[in-house]
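Here the structure comes first, spelled out in C-alpha cells, and everything after it is commentary.
Any read-out appearing in this document is the output of simple, stated calculations on the displayed coordinates, not a laboratory observation. On a predicted model such as this, the values are computed, not experimentally measured, just so you know. Cβ coordinates were reconstructed from backbone atoms using ideal geometry, including for glycine residues, and neighbour counts include every protein chain displayed.
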C-alpha cells in the first residue's frame, strides 16, 4: 500500500525536465547535454531556454575558457562566430537582466552557472561550465544546471590565452543549441 501511495505522490507532482543539447564545433567537437534546474532558478532557466528556442545561441563562441576553472559562452550580441569577437563577453540579449536566484547548490565540476557583471542582478544570456569545483562562487552566482553528458567535450574546448582567459584566434562555438524536455 505504501509503495502505491508513494508512486501516486510522484505522479501527482509535476516534474520539470527542461534541458539543453549543445552541438560544439572547433577544437572540440560533439554534444554537451545539460539538465536545467527549473525549481532552483526558474527565471534564469526560462530566459536561457527562450534564447535557445529562438536560435539565438546558435553560432555563439566560447569566448572565455580558463583551464582548471570554467568555460564561458552565451554572448548573443557580441559573441557570434563570423562577427567582430573583440567585444565577446560584454553583451547580453534583447531580454532584460535577471534578478539573482542564489541557492545552496555548490559549484562542482560540470555545474552550469550564469555569468554576470558586478551587480548580482545583472545575469542575462551568458553562462559558464565548471571544469573543477569553484566553491568561492557559492552563493555569489546563480546555479542553473549541470552537464549530464559530454564533459569530455567541455574538457576539449580551446583554452584562452588572452587577458582574463579570453580565447585568441578561432574559438570553439555552439553550432546549434536545442531545448529538450
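Quick look at the numbers
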item: Square roots of 5 times each gyration tensor eigenvalue, C-alpha, segment 17-180, largest first, Å; result: 21, 17, 16
item: Protection-proxy order for peptides 32-42, 100-110, each taking the mean of Cβ atoms within 10 Å per residue, highest first; result: 32-42, 100-110
item: Angle in degrees between helix 2-12 and the longest Cα principal axis of the chain, rounded to the nearest 10; result: 50
item: Percent RCO, i.e. relative contact order, over the chain, from Cα pairs under 8 Å lying at least 6 residues apart; result: 33
item: Convex hull per residue volume in Å³, alpha carbons only, for segment 80-168; result: 122
item: Peptides ranked, highest mean first, by Cβ atoms within 10 Å: ranges 163-170, 64-71; result: 64-71, 163-170
